[in-house]
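The values are calculated or read from the model by the stated rules, or taken from the named source; none is laboratory data. Quantities reported herein were computed from a predicted structural model and do not represent experimental measurements. Glycine also receives a Cβ, built like all others from the backbone with ideal geometry; neighbour counts cover every protein chain displayed.
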Amino acid sequence: MGLEFRNVNHTYNPGTTVERHALKDISFTLEDGEYLGLIGHTGSGKSTLIQHMNGLLKADSGDILYDGQSIYDKSYSMNQHHFKVGMVFQYPEHQLFETTVLKDVCFGPGNMGLSEDEAVSRAKEALKLVELPEIYWDKSPFILSGGQKRRAAIAGVIAMDPKILIMDEPAAGLDPEGRDSILESISMIRKERGITVVLVSHNMDDVAKYATRVLVLNKGSIYMDGTPKEVFSRTKELYDVGLSAPGITVITERLKSLGIGEEDCMISMDDAADMIAKSLRKG
Amino acid sequence: MSLVEVKDLFYEYRERDENGEVDIVTTALEGVSVNVEKGDFIAIIGSNGSGKSTFAKHLNAILKPTGGTVIVRSLDTSLEENTLEIRKTAGMVFQNPDNQIIGSIIEEDVAFGLENLGVPTDEMKKRVKESLKTVGMWEYASGSPNRLSGGQKQRVAIAGIVAMKPEVMILDESTAMLDPRGRKEVLDAVEELNKEEGMTVILITHYMDEAARAHKIFVLHEGQVKMSGTPEEVFKRHKELKEYKLKVPVAAELAVRLREKGIPVREGITNDDELVQEISRIRSEHGTGI
Amino acid sequence: MRRNITIGQYYPENSILHRLDPRVKLLGLIVFLVCVFLMDSYWSYGAVTAAVVILVIISRVPLRYFVRSLKPVFFIIILTFILNIFFTSGEEILVKWGIISIYKEGVIMALKMSIRLIYLVLSSALLTLTTTPNDITDGMEKALRPLNKIHVPIHEMTMMMTIALRFIPIISEETDKIRKAQISRGADLETGNIIKRAKNMVPILVPLLVSSFRRAGDLALAMDARCYHGGEGRTKYKELRYGKKDGIAYLMILAFLAGIILMRNFL
């Protein structure tokens with residue numbers, strides 16, 4: 001089940017001088033409950049791919065199936081699909097518009113046709129999940145700090161109770177603590193609600209820490225698809241397409257080439273420290 | 001006399017609450033003192049809301065101190081008549097690459113500051129070319145900035161400052177909105193300017209790996225300088241950094257973990273190279289005897 | 001992607017028209033517009049038509065770009081034609097059908113007005129297809145500079161145009177992004193009557209306004225930081241300089257105007 005891509009192609013501005021084949025024959029299935037890290041150099045097609053996931057862009061050819069049904073079927077409601085596949089764009093705080101945080105978060109649930117009480121209760125629940133303190137709920141979203149605005153905007157999507165949550169660089173521009181705490185919140189929401197998460201990020205450390213599966217895009221095609229360890233062990237191939245590996249992987253691979261440590265690809269700080277200590281003791 | 005002398009700088013601003021009634025006085029900077037010598041490469045790091053951007057805006061007289069003094073090349077920023085001269089001396093690159101490019105053609109944008117200074121056209125052409133070459137963007141000179149990546153746009157913005165031949169360049173979170181490749185492009189360009197042209201650089205950032213490339217780091221938290229020193233000295237105090245919502249680079253953190261496990265890794269590791277060298281040194285010196 | 005949109009419709013080529021000083025082309029456009037309204041005889045129609053055809057050919061811009069420029073005004077041309085054909089009265093009736101009569105004068109008037117409209121559009125297209133918006137702005141600034149003496153803020157006006165040219169693509173891209181974000185939250189932008197639709201635009205317009213103000217603030221800071229202090233004492237990176245071809249073009253433009261005036265008075 002989940003969300004299945006079958007030979008999806010997308011071309012921007014076909015037939016003009018600025019034509020660009022952004023997705024080339026993409027096939028894969030996003031399984032329920034996965035935490036997918038989507039990585040690729042700027043212009044690799046990540047943003048086009050996620051916009052296909054929630055139906056904002058339509059495939060030129062190929063098909064996308066949600067729980068076995070084509071989202072392009074006439075009988076399939078695209079509007080409902082937007083609610084099932086929630087999308088948090090980069091810098092989502094730029095889409096806040098209401099007079100209070102709570103009203104803004106209610107916008108999505110309200111559009112779903114829920115009663116006002118139901119919408120408000122969902123909004124409050126979402127605001128709790130993103131850990132935005134209650135004192136801000138009745139404040140104008142525009143007076144919040146950058147990190148708080150970000151949380152309010154994410155709550156606006158969580159409140160629609162999506163089955164799949166797509167996030168494009170949710171931590172962009174935040175300081176290290178803000179970064180960690182927002183990613184922790186998302187991870188917790190995933191566990192609590194059992195949802196699927198798609199994280200688009202340039203930060204390999206974050207992807208390595210949270211993702212259960214990593215999909216690498218290059219020039220509109222799938223370049224790699226596997227567990228974080230599988231993908232990040234192919235460090236050299238990642239460099240070839242303008243990407244890198246997590247900081248810890250880079251260090252441990254360098255040490256291994258000097259004969260220190262022999263285990264598989266390392267993506268966590270604890271494992272790496274253990275490996276190096278063990279190897280040094282052994283001599 | 002230092003090139004930039006910030007002495008006991010205070011900055012307070014008043015905010016009205018939602019009903020426009022009660023004033024709230026917020027102190028963004030509380031007694032900050034920083035000296036920058038010619039040719040230095042300084043990093044100011046701090047979390048969001050630490051006051052680092054407010055500090056940066058004092059260096060070229062966008063903001064004026066409510067207490068203390070900011071002196072740039074012996075010019076006091078609080079005096080109105082010094083403003084233009086200070087801005088010629090201290091060039092500033094901002095955070096959002098889109099919002100600081102004025103021209104629709106790259107070379108014309110780089111020329112914008114020179115036009116304002118009244119530089120003659122021939123001299124201007126020469127300087128635009130030189131500065132675009134310095135940041136590696138000359139081949140795009142006649143193109144539109146809209147088609148560039150974030151890192152390329154920031155390099156154009158840097159060229160626009162370099163062309164004005166300032167003595168110090170301030171980068172106010174100029175890498176915050178860029179991807180890793182863009183950040184690297186910008187940092188490389190800045191480092192080269194510092195090394196090759198002797199440009200004094202003040203880098204405002206919350207990325208530790210960027211700060212590691214500076215000669216000296218100042219850590220700002222809640223409007224105060226909490227730490228200062230070389231990257232080695234600052235990264236040693238990783239626990240304190242955590243209190244200030246910052247994080248040491250991966251290599252520095254791994255070094256700490258190894259020390260905790262009883263591996264005699266020296267203090268003050270700041271980057272991958274140093275850590276890898278240190279570990280192989282330990283192996284060759286100690287063999288199996290740890 | 002929206003990133004690729006360009007303002008105006010400049011078609012990159014290297015024709016003589018492309019290389020002319022923008023001031024020459026601006027004056028040429030004005031003279032041509034005057035001529036379009038001065039023409040009254042078949043001779044003058046012929047002369048103006050010949051001029052349009054020759055300019056289109058030497059511009060080396062493909063014909064379909066000119067046709068495309070007519071598209072948005074196509075409806076207005078048809079409307080003008082119909083209004084003139086039905087509501088001009090005269091002496092010679094061509095068709096009579098109930099209360100509707102079509103006179104010969106009506107047909108002629110309808111043709112004349114449509115041709116004028118088409119030439120108006122084509123001549124503006126000739127300017128915008130062969131001149132970048134920046135060059136047009138520069139040309140206007142330089143040509144209008146004497147007005148500074150009577151305190152018309154020419155520099156400020158052209159600076160505003162320059163900034164608008166720079167930010168229109170960025171803001172249009174941003175609009176697209178906000179629109180998509182709100183659609184993802186179930187915003188309904190396509191159904192309902194005008195009032196409901198206008199109300200539904202709020203989730204797009206508010207963020208757009210907020211971000212435009214933020215951009216404006218950032219830009220003002222960036223301009224300050226680069227020592228911007230108005231037009232006084234400013235030099236120009238791209239100093240427009242007339243060449244030989246520009247002088248010749250001026251002469252031809254004036255000769256053309258004189259010719260049309262002569263035709264009006266003596267033919």
Odd one out for B:Glu107, checked against (1) at the interface with chain C (Cβ under 9 Å from one of its Cβ atoms); (2) part of a loop (DSSP other than H, G, I, E, B); (3) not hydrophobic (A, V, I, L, M, F, W, C): (2)
Residues within region C:217-263 that are among the aliphatic types (A, V, I, L, M) and in contact (Cβ under 8 Å) with a residue 60 or more places away in the chain, tallied: 8
Residue within region C:169-181 that is modelled with pLDDT of 90 or more, in contact with a Pro (Cβ under 8 Å, 6 or more places away or on another chain) and under 30 Å from A:Leu57 (Cα atoms) present: yes
Any chance B:Ile202 is surrounded by 23 or more Cβ atoms within 10 Å (Cβ to Cβ) and either modelled with pLDDT under 90 or part of a helix (DSSP H, G or I) (or both): no
Residue count, region A:34-50 (criterion: closer than 20 Å to A:Ile71 by Cβ and either at pLDDT below 95 or within 12 Å of the chain's Cα centre (by Cα) (or both)): 8
Candidates C:Ile150, C:Ile163, C:Ile194 - the one that is of a type in the set (A, V, I, L, M, F, W, C), surrounded by fewer than 18 Cβ atoms within 10 Å (Cβ to Cβ), touching a residue at least 40 places away in the same chain (Cβ under 8 Å) and more than 17 Å from A:His82 (Cα to Cα): C:Ile163
Residue list for region C:197-213, restricted to those being within 11 Å of chain A (Cβ to nearest Cβ), surrounded by fewer than 14 Cβ atoms within 10 Å (Cβ to Cβ) and more than 30 Å from the chain's Cα centre (by Cα): C:Val202
Complete set of residues in region A:149-199 that are in a helix (DSSP H, G or I), more than 14 Å from chain B (Cβ to nearest Cβ) and among the basic types (Lys, Arg): A:Arg190, A:Lys191, A:Arg193
Residue check, A:Pro133 free of Cβ contacts under 8 Å to residues at least 12 places away in the same chain and not aromatic (Phe, Trp, Tyr): yes
Residue match in region C:169-191 (condition: surrounded by fewer than 18 Cβ atoms within 10 Å (Cβ to Cβ), out of contact with any strand residue (DSSP E or B) (no Cβ under 8 Å at 6 or more places or on another chain), touching a residue at least 60 places away in the same chain (Cβ under 8 Å) and at the interface with another protein chain (Cβ under 9 Å from one of its Cβ atoms)): yes
Which listed residue, of C:Val121, C:Val107, C:Val73, C:Val95, is at negative phi, in a helix (DSSP H, G or I) and touching a strand residue (DSSP E or B) at 6+ places or on another chain (Cβ under 9 Å): C:Val107
Candidate set: region A:200-230, residues that are at negative phi, over 17 Å from the mean Cα position of the chain (by Cα) and not in a strand (DSSP E or B); chosen: the one nearest to the other protein chains (Cβ to nearest Cβ): A:Lys229
Matching option when the condition is touching a Lys or Arg at 6+ places or on another chain (Cβ under 6 Å) and at the interface with chain C (Cβ under 7 Å from one of its Cβ atoms), among B:Gly160, B:Gly113: B:Gly113
Total residues in region B:216-245, condition more than 18 Å from B:Ser33 (Cβ to Cβ) and in contact with a Phe, Trp or Tyr (Cβ under 8 Å, 6 or more places away or on another chain): 1
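Let's see how each residue does on (1) at pLDDT below 95; (2) touching a Pro at 6+ places or on another chain (Cβ under 9 Å); (3) within 30 Å of B:Arg147 (Cβ to Cβ):
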| position | (1), (2), (3) |
| --- | --- |
| C:Thr6 | yes, yes, yes |
| C:Leu17 | yes, no, yes |
| C:Phe37 | yes, no, no |
| C:Tyr42 | yes, no, no |
| C:Gly46 | yes, no, no |
| C:Lys71 | yes, no, yes |
| C:Leu79 | yes, no, no |
| C:Asn84 | yes, no, no |
| C:Phe87 | yes, no, no |
Subset of region A:253-283 that is part of a loop (DSSP other than H, G, I, E, B) and within 8 Å of chain B (Cβ to nearest Cβ) - its residue that is surrounded by the most Cβ atoms within 10 Å (Cβ to Cβ): A:Ile260
Answer from B:Ala141, B:Ala176 - the residue that is away from chain A (no Cβ under 14 Å) and modelled with pLDDT under 95: B:Ala141
So B:Gly113, is it surrounded by 16 or more Cβ atoms within 10 Å (Cβ to Cβ), of a type outside the set (A, V, I, L, M, F, W, C), assigned by TED's automatic domain parsing to the domain that holds B:Thr54 and not in a strand (DSSP E or B): yes
Conditions (1) touching a Gly at 6+ places or on another chain (Cβ under 9 Å); (2) more than 10 Å from every other protein chain (Cβ to nearest Cβ); (3) hydroxyl-bearing (Ser, Thr, Tyr); number of the one not met by B:Thr77: (1)
Subset of region A:239-250 that is of a type in the set (A, V, I, L, M, F, W, C) and surrounded by fewer than 23 Cβ atoms within 10 Å (Cβ to Cβ) - its residue that is nearest to the chain's Cα centre (by Cα): A:Val241
Any chance B:Asp122 is among the acidic types (Asp, Glu), within 17 Å of the chain's Cα centre (by Cα) and more than 8 Å from chain C (Cβ to nearest Cβ): no
Count of region C:118-147 residues which are farther than 30 Å from C:Leu79 by Cβ, touching a helix residue (DSSP H, G or I) at 6+ places or on another chain (Cβ under 6 Å), in contact (Cβ under 8 Å) with a residue 40 or more places away in the chain and of a type in the set (S, T, N, Q): 0
Test: A:Lys103 is more than 21 Å from the chain's Cα centre (by Cα) and surrounded by fewer than 21 Cβ atoms within 10 Å (Cβ to Cβ): yes
Enumerated helices (runs of 4 or more DSSP H) restricted to region B:207-272, each holding at least 2 residues that are surrounded by fewer than 16 Cβ atoms within 10 Å (Cβ to Cβ) and not assigned by TED's automatic domain parsing to the domain that holds B:Leu171: B:238-243, B:250-260
Test: residue in region A:58-77 that is polar (S, T, N, Q), touching a residue at least 12 places away in the same chain (Cβ under 8 Å) and surrounded by 14 or more Cβ atoms within 10 Å (Cβ to Cβ): no
Among (1) in contact with a helix residue (DSSP H, G or I) (Cβ under 9 Å, 6 or more places away or on another chain); (2) assigned to a helix (DSSP H, G or I); (3) polar (S, T, N, Q), the one test that B:Ser47 misses: (2)
Residues being buried (at least 23 other Cβ atoms within 10 Å of the Cβ) and under 17 Å from A:Pro109 (Cβ atoms) - total across region A:125-150: 5
